[in-house]
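Colleague: Right, I'll just put the structure down here and ask away after.
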Amino acid sequence: ITTAGTLILDSVILKANITGTHNQYGFIANSYVYGIQQNGGAVTVKGERTEIKNFAHAVEITGGTFTMEAGSICENYINGGKSGVAIEGGSTFILKGGSIKDNKATNRAGVSVEGTSTNKGRFTMTGGEISGNKAWCFGGGIYVDEYGVADISGGTIKANHAAEGTFSSPPEDVGGGGICIEKGTVNFTGGTIEENYIDGAENNCGAGVFIGEQGIFKMTGGTITGCKTDPNISSPKPSKGGGVFVKHGT
């Protein structure tokens, strides 16, 4: 679906027919298969049975406001980035209820937030759940990039994974199971970041929150708990920052 008008999805299933695998060699899927591309107007997702699933990119928002009240964006996967929800400059995603879950990508598996110097991408989370998303490298649950802003006051960010890959030439640091922040800003005033994981990659960091170059994380409420190296990894590597890892940020 491509929209710049008014779209309401209530008890609707959008499901792609792509097939693929997720294994030690990466993610195999057609990178051009999108669920919803929004470049203006208003999209509302409601109804517990609503699903957007099995796409390479479930939702891409380049303009307008996308509001999720119920349902799920789930089981989308790509060998690349932004399999769940991608918020670009000048657009807004509001998560009030429902779930962003079980999406897989190299980076930015759950929610990706980015913008420009004049148009910030914005993510507001007051409820709902971001859970079970897996990133080969960075940002299992949420990834906030340059000029992106995320305001989190409620809901749960749980059981997301990052640093899942194995690398012949590992990056200096890799991770951010719950949240990864690179040059963007996260205002965390409420909600829970719990039981997120960093997996078996070299230099795995920040199971709960990874704060990278110029990233800003402001926490005035809420809880970060139980974030750690995945206990199911047979040969875990040394880890840094179970709850929060600050690299070159604030």
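The values are calculated or read from the model by the stated rules, or taken from the named source; none is laboratory data. Computed from a predicted structure; not experimentally measured. Glycine also receives a Cβ, built like all others from the backbone with ideal geometry; neighbour counts cover every protein chain displayed. Just so you know, the surface numbers come from the protein's heavy atoms only, side chains and all, with ligands and any DNA or RNA stripped out. Shrake-Rupley method; radii C 1.70, N 1.55, O 1.52, S 1.80 Å.
Colleague: With all protein chains present, how much of the accessible area of the chain (probe radius 1.4 Å) comes from carbon and sulfur, to the nearest whole percent?
Modeller: On the chain, the fraction of accessible area on carbon and sulfur atoms equals 44 percent.
Colleague: Can you give me the long-range amide H partners of ILE157? Hydrogens built in the peptide plane at 1.01 Å from N, cutoff under 5 Å, separation of 5 or more residues or another chain.
Modeller: Here the answer is ILE130, THR192, ILE193, GLU194, since their amide H atoms fall under 5 Å of that of ILE157.
Colleague: Match the structure shown to one of the listed values [x] 58, 43, 27; [y] 151, 46, 22; [z] 49, 41, 31 of Cα extents along the principal axes in Å, computed from it, and give that label.
Modeller: It is the one labelled [z].
Colleague: Which whole-Hz ³J(HN,Hα) couplings does the stretch 185-191 yield from phi under the Karplus relation 6.51 cos²θ - 1.76 cosθ + 1.60, θ = phi - 60°, glycine and proline marked x?
Modeller: 10, 10, 9, 10, 10, x, x
Colleague: Using a 7 Å offset from the Cα along the Cα-to-Cβ direction at both GLU202 and THR189, what is the distance between the two label points in nm, to one decimal?
Modeller: Once both label points are built, they end up 4.3 nm from each other.
Colleague: Here's something else I'd like to know. Which entries in LYS15/LYS104; LYS46/LYS82; LYS120/LYS237; LYS15/LYS218; LYS53/LYS247; LYS218/LYS247 show an alpha-carbon gap greater than 25 Å?
Modeller: Exceeds cut-off: LYS120/LYS237; LYS15/LYS218; LYS53/LYS247.
Colleague: Near GLU129, within a Cβ-to-Cβ distance under 14 Å, what is the net charge of the other residues, with Lys and Arg +1 and Asp and Glu -1?
Modeller: -2
Colleague: Keeping all protein chains in place, calculate the accessible area per residue for the chain (probe 1.4 angstrom), answer in Å².
Modeller: 40 Å²
Colleague: Further, regarding this structure: Let me check I've understood the local charge: for ASN76, count other residues with C-beta under 9 angstrom from its C-beta, Lys and Arg +1, Asp and Glu -1. What total comes out?
Modeller: With Lys, Arg at +1 and Asp, Glu at -1, the neighbours total 0.
Colleague: How big is the gap, in Å, between the Cα center of the stretch 129-151 and the Cα center of the stretch 188-233?
Modeller: First find each Cα centre; the distance between them is then 11 Å.
Colleague: Going from most exposed to least, what order do ILE73, ILE216 have by accessible area with a 1.4 Å probe?
Modeller: Output order, biggest surface exposure first: ILE216, ILE73.
Colleague: Something else now. Give me the net charge of ASN204's neighbourhood, meaning all other residues with Cβ under 12 Å from the Cβ of ASN204; Lys, Arg count +1, Asp, Glu -1.
Modeller: The answer is -3.
Colleague: Suppose every K and R has +1 on its Cβ and every D and E has -1 on its Cβ; what is the size of the dipole of the chain about the Cα centre, in Debye to the nearest 20?
Modeller: It comes to approximately 160 debye.
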